Amino acid sequence: IEQVAKDADRVWRSNRAQKTKTVRTKVAARRATLPAKEETKGPQFQGVRISNPDRVVYPNDEITKLQIAEYYDAVADWMLPHVIDRPLTLVRCTKVGQDCVFMKHGKVWGPTVLRRVDIREKLKIGEYLVADDAAGLIGLAQLGIIEIHTWNARTADLERPDRLVFDLAPDPKLP
């Protein structure tokens, strides 16, 4: 029975990989038919163009999408050791406090500067994004990602976390 399960899993993964390849091929073909965008339009960091750089993401502090990209670029050397090779769970917002979405799976929406990793979940295979370099961090800023949550394990050994995080976020009502 165990061998049958392993064989079925191998076939399922192969079919999943083929479907993913087909979807990516279709997306690439669709993009090729679209009119070319001006590559010089908008500022670039690490080779990633920032569209709508003046869009205000944090209204109370008037922080723009461009400033978030600049920040990710500036702190990349300190941030990368904490995100490299770790699957990401993300919060994407048009504006903080409005239109925010918790994003766990990458599917086809993620930028090409991010690596994709298939992870077996309880009932399916989930595709997660991984930022392995500064361009990946800037790609997240381009998408409007304002929260980057990493797994505590690396992609090579997801069942063995190599760090522990204490998230100290007390209730605002506490003195």
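The values are calculated or read from the model by the stated rules, or taken from the named source; none is laboratory data. All values derive from a computational prediction rather than experimental measurement. Glycine gets a Cβ as well: all are built from the backbone with ideal geometry, and neighbour counts include every protein chain shown. Keep in mind that these areas ignore ligands, DNA and RNA; they rest on the heavy atoms of the full protein, side chains included. Shrake-Rupley method; radii C 1.70, N 1.55, O 1.52, S 1.80 Å.
Some values worked out for this structure:
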quantity: Single match in Trp151, Trp78 (criterion: out of contact with any strand residue (DSSP E or B) (no Cβ under 9 Å at 6 or more places or on another chain), within 26 Å of Val48 (Cα to Cα) and aromatic (Phe, Trp, Tyr)); calculated: Trp78
quantity: Positions within segment 37-65 being under 16 Å from Gly144 (Cβ atoms), among the charged types (D, E, K, R) and either open to solvent by less than 100 Å² (accessible area, probe 1.4 Å) or modelled with pLDDT under 85 (or both), in sequence order; calculated: Arg49, Arg55, Lys65
quantity: Contacts under 9 angstrom Cβ, first residue in segment 41-55 being hydroxyl-bearing (Ser, Thr, Tyr), partner surrounded by 14 or more Cβ atoms within 10 Å (Cβ to Cβ), 6 or more apart; calculated: Ser51/Gly42; Ser51/Lys65; Ser51/Gln142
quantity: Whichever residue in segment 66-97 is at pLDDT 90 or above and part of a loop (DSSP other than H, G, I, E, B) and, among such residues, is most open to solvent (accessible area, probe 1.4 Å); calculated: Ile84
quantity: Counted residues, segment 138-171 - those being over 21 Å from Lys95 (Cβ atoms) and either at pLDDT 90 or above or not in a loop (DSSP other than H, G, I, E, B) (or both); calculated: 15
